Each structure stands twice: as C-alpha cells, then as structure tokens.
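Engineer: Here it is, the structure, as structure tokens.
All of the numbers you see were taken from the coordinates with simple rules; none came from a lab. As the structure is a computational prediction, the values presented were derived from the model and not from experiment. When we count neighbours, we look across all protein chains shown, and the Cβ atoms used for this are built from the backbone with ideal geometry, even at glycine.
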Amino acid sequence: MDILIDDVRHAYDRLIVLNSLSLDIPSGEIVCILGPSGCGKSTLLRLIAGLEVPDSGRILTRGNPSPRTLHPIAIVFQDFALVPWRSVAKNVELPLEHHALSAQERQRRIWSALQQVKLTEFAHAYPNRLSGGMRQRTGLARALVVDPAILLLDEPFSAIDVGTRELLQRDFLRLWEDARFTGVCVTHDVLEATQIAHRIVILSRRPARVRTIFEVAVPFIDRREDHPTLVALQQAIREIIREEIEAGGRELEGAS
Amino acid sequence: MAGSSKVHPRTKTGSVDQRETRPDAEQVRYRGEFNSRPVPHLSLLTLAVVLALWWATTSVGTSAIGVPAPYEVMTAFGALARNGELLKHLGASLQRLFLGWVLGAVCGVGVGLAIGLSSWGRAIALPLVSALFPVPKVALLPLFILWFGIGEGAKVATIAAGVFSPMVFAAYSGASGVDRNVVRMAQTFGIPSSMIIWKVILPGTIPALLNGCRISCSIALILLTAAEMIGAQHGLGALVLASGNLMRTDQLFVGILILSILGVSVSGILSFLERILLHWR
C-alpha cells in the first residue's frame, strides 16, 4: 500500500506542529523521516496511524493489502510498548485476538513471527526478563504477526545499545525482504537512516513541512558504513538539519 | 592467620604493587552506611525484649488498672474465647468490615474507572469525589445513623464511605497511568475499545488497586472501631469501649490485640495476592 499525505496541517491548541505538509510514500519502500527534534515527526506518524485526525488536509492509503494481511497498519515504538504481564508469545498474540482465526492458524502466525525475529526460545519469558534488543524483537514480531501492508516505526532502535542496534537494523532489512511492507520510520539517527531507507525525508523546523527528499540509490547489500555515497549523504543531511535548528534558534531570538 | 590478614592479598601472588606502599596510598573509606543488609533474628529479639519488659514492669506490683500483666491478658483471652463472647465480637466486626469494604470498593472502583476512562466521567465525577475526599468519614456517622438507624446500616455505610475515596483514586490513577504507547499500539492494530479496556487497561490498574486496598483496609479498620463505639452490642470497638468503662484493661488489651492481628492478617493476604497477581514483575 502506498501513503498519500496531502496538504496536512495539525496543531495542538495554538502550537502549529505541521503546516501544508505533503508527501508521497511509495508502496513497498522504507522511508525514514528525519528533522530537528520536536519538529512533529512523531505527530506525523500518529496521523498516519489514525490515532489523531489532521486539522485540515487528507491522509490516504491506496492499494489492496495481500490476502494474508489481517490489519493494514502496524506500529513499533521506541519504548517497545510491550504488555508487561504477558509473555513474549502472548504479546505477539495480542493483535490476533480480535480476529476470527482458528487456534491452529493463530499459533502458526505466532510461531512464524517468533521464528522470523529469532525469539522462539524466549516465547514464554516475560518482557522484564529480556534485553532491550529482545524486547524490540518482540515488538517487531507483534507487528509482523498481522502481515501489515504498512509498518510504522517511531525511533525503533534508539533505546538499544549500539552493537545490538546494528544487528537489529540488519534483521529489520531481512524482515522487509520477506514481507515487503511499506515502512515509515521516524528517527534522529542519520547513520541509521542511510542504512535502512530507500528514501530519506527531512522535515523543516516547526511548523514542519517537507524540506528535502533524498533517494538512497545504494543497494542494501552494499551499504557499508564507509560507503562514500552514504558518507556524503550523511554530511548533507546533517548540514540541512543544522541549518534548520539554527534558523529556529534565530527566530526565537528575534521573537524575544 | 590473624597477622597476615592485614597484608594485601595480592602479596600471596608475589606481585606487590609499588603504588600500594607509597606513603600517600590510602584505603578508600566505606561510606555506604545506608546500604540495606539483613540483620538476622533482631526483629524477633526486639519482640521478646518488649514482652519481657512488659512482664517485668507488671510483676513489680504496679496496679493492674494501667497495664495488665501478659498472663492476665492471656487469661482474659481464654475466658472470652471459652464463653463465646470473643467469637461474637469478632464475627460482628468481620461482617461489618467485609460488607462495608466490598460496598465501598465496588462503588469506588466503578467511579474511579469511569473517571480514568472517559472524559465525561472525569468532568462529572471528579469534582464531587475531590470534594468528598478531605471530609473525615467519621463525621458522616451521625448522618448515617439518622438515615439508616443506629443498627448495622450506619456502620456499614460509614466504612463504605471511607473505603470509597481511596479506591476511586487508586482506580483512576491506575487507569490513567497505563502506558500511553501500549494503548496507542493496541488502537493502531484496530483492537476494539472494549477489548483494550479488558485486556490492557484493567490488568494495568491492578498494581494501583492493590495499593488502594492497603490504604482502604486500614481506613476501614479505623472506621469500624469508631462506628462500633457508638451504639453497638457486639464488635471489637464495642468490646474495647465497654472494657474501658469497666476498667477491665485485660479485656481491653485483648480487643487491641485482635485488632492488630486483624490488620496484620489483611496486610498478609494483600502481600499474598500481590505475589500471585504481579508475578510478572
């Protein structure tokens, strides 16, 4: 499914967070959204999830999900958002419980999702016994168990230590290769964006519009950290974000 | 080996470090005085010492009116237990406690969840509950006596009123304290609201509810005693008051002892429930 964001404006009370934001997210691509902190990245994600309604403008999804899809949209959070009194398998089962599935099909989906994220051994462990990386694998399994057409990720790997983060990013790409969902990933990690995105969208300072879009033309298999194209891209992205932050700072000074 | 214990253990491996023998080398001082560590048997010992002191002071020959000797309390306990009075008092108290607590808790949790889950509920009920909260519930007892008569109704209603507010706030804070992102996650997956309440929010309020139970049970015990001191034939409060009027401190102590045991038992039951319900912690 692709996502069409058309001239969206959204405010919290008098604070305008998004203003005339338009963006096309093509089907089956991973798009990373970057921008100065507090610019409205997570708000955009919540709007796509349908958790809030934009003040004006439209957000459309187009295309038909595959017949395996139980629910078109799934989400992964930075703080994992696991249910602490449910085991790993029970957490993964949660989004299945309101669907009319046979017990067999339910178990098949749970185990297949756990296998995909390599957590079958920990199926019966409780979240507080797991490392950050394992908790986020649980979060990913819970998202993938419904075979979503769109996967939203809100800083999915920020709370995970560096070594584990790289492993998870690689595993995430493997999961995408299998499922080919449309991924929308909010992040502040420029390196991460150049590793996992087909396309990088940079938002301006608040009120956020689309400032720049980069296509990352390097195939995933070639994305070493020191790849010259990626390094140049990272520099360009950092430069733009710095500009936005500085411009925001000047506006504040001018106002006071 | 007492002498060698002063020597740094590393001398055994023959690798004395020059840095240790420098004149300005100094052992880091222990500053962790508040670290928690187990002190075995001290609690039991304290209890024994208190009992012994009690016994000692009463055996010197002070008047029995102030403080009865431990064996006098035991004798009074035996007598009350044998003639069935104790069971009558305890039974009456437990019944009031149970009815009042259940009534107050059910209403309180209901209102608290309504406040925590719905903006309407919050707008309607929160000001009322906040106004009721600071009123000492004993002050309502005379009112309840006028409404329900001096019998069981007034006592049960007073306990229920005291239990109500803490349970409202426990349920309210528990429900609104459930991780926002877990709720958002469930909503994103299209899980119906009723199921989110049943499977995510309600189980998430259990820790707060158990805390609320602790508070409301101790309030219930206070109100029970107070209510039973006004116009009750039986009950632990009535026993304590009547014993005081008759200067029967031995019986009075029995009443206090039973109230203490009651409180400790309730607390034990709640700890047990916590272990079972919150095993995932």
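Engineer: Can you put A:Thr182, B:Thr46 in order, fewest other beta carbons within 10 Å first?
Structural biologist: Fewest-to-most Cβ neighbours within 10 Å comes out as B:Thr46, A:Thr182.
Engineer: Where both residues lie in chain A, what percent of DSSP beta bridges are antiparallel, nearest 5?
Structural biologist: Working: 18 of 37 bridges.
Around 50 percent antiparallel, to the nearest 5.
Engineer: Continuing with this model, one more query. After finding the eigenvalues of the alpha carbon gyration tensor for the protein assembly as shown, what semi-axes result from the square roots of 5 times each, listed largest first in whole Å?
Structural biologist: Over the Cα atoms of the protein assembly as shown, the semi-axes work out to 60, 36, 23 Å.
Engineer: Starting from the Cα of A:Asp161, step 7 Å toward the Cβ, then list every residue of the range A:112-141 with an amide N under 13 Å from that point.
Structural biologist: Counting backbone N atoms under 13 Å from the label point, the list is A:131-134.
Engineer: Could I ask something else about it? Enter the mean projected area of the convex hull around the alpha-carbon atoms of the range A:83-179, in nm², rounded to one decimal.
Structural biologist: Convex hull of Cα atoms, orientation-averaged projection: 6.2 nm².
Engineer: Go ahead and set up a Gaussian network model of chain B, Cα springs under 10 Å, then flag whichever of B:Ala175, B:Ala105, B:Ala131 fluctuates most.
Structural biologist: Greatest mean-square fluctuation among the candidates belongs to B:Ala131.
Engineer: With each run of n ≥ 4 DSSP H residues scored as -39500 (n - 2.57), what mean residue ellipticity at 222 nm is computed for chain B after dividing by its residue count and rounding to the nearest 500 deg cm²/dmol?
Structural biologist: Per the formula, -23000 deg cm²/dmol.
Engineer: Can you give the FRET efficiency to the nearest 0.05 for B:Thr21 and B:His41, using r as the Cβ-Cβ distance and R₀ = 45 Å? If you can, show how the numbers build up before the last one.
Structural biologist: On the way: r = 42 Å, r/R0 = 0.93.
According to the calculation, E is roughly 0.60.
Engineer: Calculate, for B:Ile197 and A:Arg238, the FRET efficiency according to 1/(1 + (r/R0)^6) with r their C-beta to C-beta distance and R0 41 Å; round to the nearest 0.05.
Structural biologist: E between B:Ile197 and A:Arg238, to the nearest 0.05, is 0.35.
Engineer: Using the Cα centre of the range B:70-277 as origin and beta-carbon charges of +1 (Lys, Arg) and -1 (Asp, Glu), tell me which of B:Pro166, B:Pro192, B:Val106 is placed farthest towards the positive end of the dipole.
Structural biologist: In the range B:70-277, that residue is B:Pro192.
Engineer: Have a look at B:Ser118, B:Ser173, B:Ser36 and tell me which one the Gaussian network model of chain B (Cα, springs below 10 Å) gives the largest fluctuation.
Structural biologist: B:Ser36
Engineer: A further question on this structure: If Lys and Arg each add +1 and Asp and Glu each add -1, what is the summed charge of the other residues whose beta carbon sits under 10 Å from the beta carbon of B:Ile191?
Structural biologist: Details: positive: B:Lys199; negative: A:Glu97.
Value of the local net charge: 0.
Engineer: Compute the separation of the alpha-carbon centres of the range B:220-254 and the range A:169-247 and state it in Å as a whole number.
Structural biologist: 74
Engineer: Under the rule of at least 5 residues apart or a separate chain, name every residue whose amide H is placed under 5 Å from the amide H of A:Ser22.
Structural biologist: Residues meeting the amide H criterion: A:Asp7, A:Val8, A:Val210.
Engineer: Simple spin-label model, 7 Å along Cα-to-Cβ: A:Arg224 to B:Ser176 in nm?
Structural biologist: Each label point lies 7 Å from its Cα, and together they span 5.6 nm.
Engineer: Show log10 I(q)/I(0) for the range B:70-277 at q = 0.15, 0.16, 0.17, 0.19 Å⁻¹, two decimals, from a solvent-free Debye sum over equal Cα scatterers.
Structural biologist: -0.94, -1.03, -1.11, -1.26
Engineer: Restricting to Cα pairs below 8 Å that are 6+ residues apart, what does the relative contact order work out to for chain B? Please round to a whole percent.
Structural biologist: Result for chain B is 21 percent.
Engineer: Now a separate question. Could you count how many Lys pairs in the protein assembly as shown have their Cα atoms under 20 Å apart, skipping same-chain pairs fewer than 8 positions apart?
Structural biologist: Number of lysine pairs found: 4.
Engineer: Let me ask you something else. Can you give the longest stretch of chain A with no exposed loop site, where a site means GluC sites (Glu not before Pro) in a DSSP loop (not H, G, I, E or B) with at most 16 other C-beta atoms within 10 Å?
Structural biologist: A:98-224
Engineer: Averaging sequence separations of C-alpha pairs under 8 Å and six or more residues apart, then dividing by the length of chain A, give the relative contact order as a whole percent.
Structural biologist: Worked out over chain A, it gives 27 percent.
Engineer: Give a residue-ordered list of calculated ³J(HN,Hα) values for the range A:140-155 (Karplus: 6.51 cos²θ - 1.76 cosθ + 1.60, θ = phi - 60°; whole Hz; x for Gly, Pro).
Structural biologist: 5, 4, 5, 6, 7, 5, 8, 6, x, 7, 10, 10, 9, 10, 9, 6
Engineer: For a quick check of your reading of the filter: which trypsin sites (Lys or Arg not before Pro) in the range A:39-80 sit in a DSSP loop and have no more than 12 other Cβ atoms within 10 Å? Present the calculation step by step, with values, prior to reporting the outcome.
Structural biologist: Numbers: sites: A:Lys41, A:Arg46, A:Arg58, A:Arg62, A:Arg68; in loops: A:Arg68.
Those satisfying the criteria are A:Arg68.
Engineer: Relative to the Cα centre, what is the charge dipole magnitude of the range B:70-277, using +1 at the beta carbon of each Lys and Arg, -1 at the beta carbon of each Asp and Glu, and rounding to the nearest 20 debye?
Structural biologist: 460
Engineer: Here's a follow-up. What does the charge count around B:Ile269 come to, taking other residues whose C-beta lies under 13 Å from its C-beta (Lys +1, Arg +1, Asp -1, Glu -1)? Could you put the intermediate results ahead of the total?
Structural biologist: Details: positive: B:Arg214, B:Arg275; negative: B:Glu274.
Net of charged neighbours comes to +1.
Engineer: In sequence order, what are the phi-derived ³J(HN,Hα) couplings for the range B:120-134 according to the Karplus relation 6.51 cos²θ - 1.76 cosθ + 1.60 with θ = phi - 60°, rounded to whole Hz, with x for glycine and proline?
Structural biologist: Result, ordered by residue: 4, x, 5, 4, 7, 8, 4, x, 4, 5, 5, 6, 6, 4, x Hz.
Engineer: Under a point-charge model restricted to the Cβ atoms of Lys and Arg (+1) and Asp and Glu (-1), what is the dipole moment magnitude of the protein assembly as shown relative to its Cα centre, in debye to the nearest 20?
Structural biologist: In debye, rounded to 20, the protein assembly as shown gives about 1020.
Engineer: Then there is this: Tell me, which longest segment in chain B has none of the chymotrypsin sites (Phe, Trp or Tyr not before Pro) that fall in DSSP loops with at most 12 further Cβ atoms within 10 Å?
Structural biologist: Counting at most 12 other Cβ atoms within 10 Å as exposed, the longest clean stretch of chain B is B:35-281.
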